[in-house]
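Following: one structure in structure tokens, then a few remarks.
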Amino acid sequence: MTSHLTISLAFVCSMVLLLATNSDAGGISIYWGQNGQEGALAEICATGNYKYVNLAFLTTLGNGQKPQMNLAGHCDPYSNGCTTLSSDIKSCQAQGIKVMLGSHPL
């Protein structure tokens, strides 16, 4: 009886270990751009904590309107003040992080 219990316990432990090492959690996503104190985009990506970054937010789009973004205190896209953002995006992408544009309900 003890040997059956030992074998069963070893089997269960092996299966748990196998599942834990082969699982893919899918990655963590973060919204970036609405808190001027959160650091630069490249710094956020360099932490290695995230697989997806949503740039927050596209606030205007469609109906003949010019697309507009709100990046809080990070930069002002309307005065050509976001030139470093493109290199930050490329840095994130080079690390395998997907960078997407989030939007408010339009």
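Karplus-based coupling profile of the stretch 48-57, in residue order and whole Hz: x, 7, 10, 9, 9, 10, 9, 6, 10, 9, with θ = phi - 60° in 6.51 cos²θ - 1.76 cosθ + 1.60 and x standing for Gly or Pro. Each principal axis of the Cα cloud of the stretch 33-73 was taken in turn, and the coordinate range along them, longest first, works out to 39, 21, 11 Å.
Computed from the coordinates by the stated procedures, all read-outs in this text should not be read as laboratory data. Quick caveat, the model's predicted, so the values are computed rather than measured.
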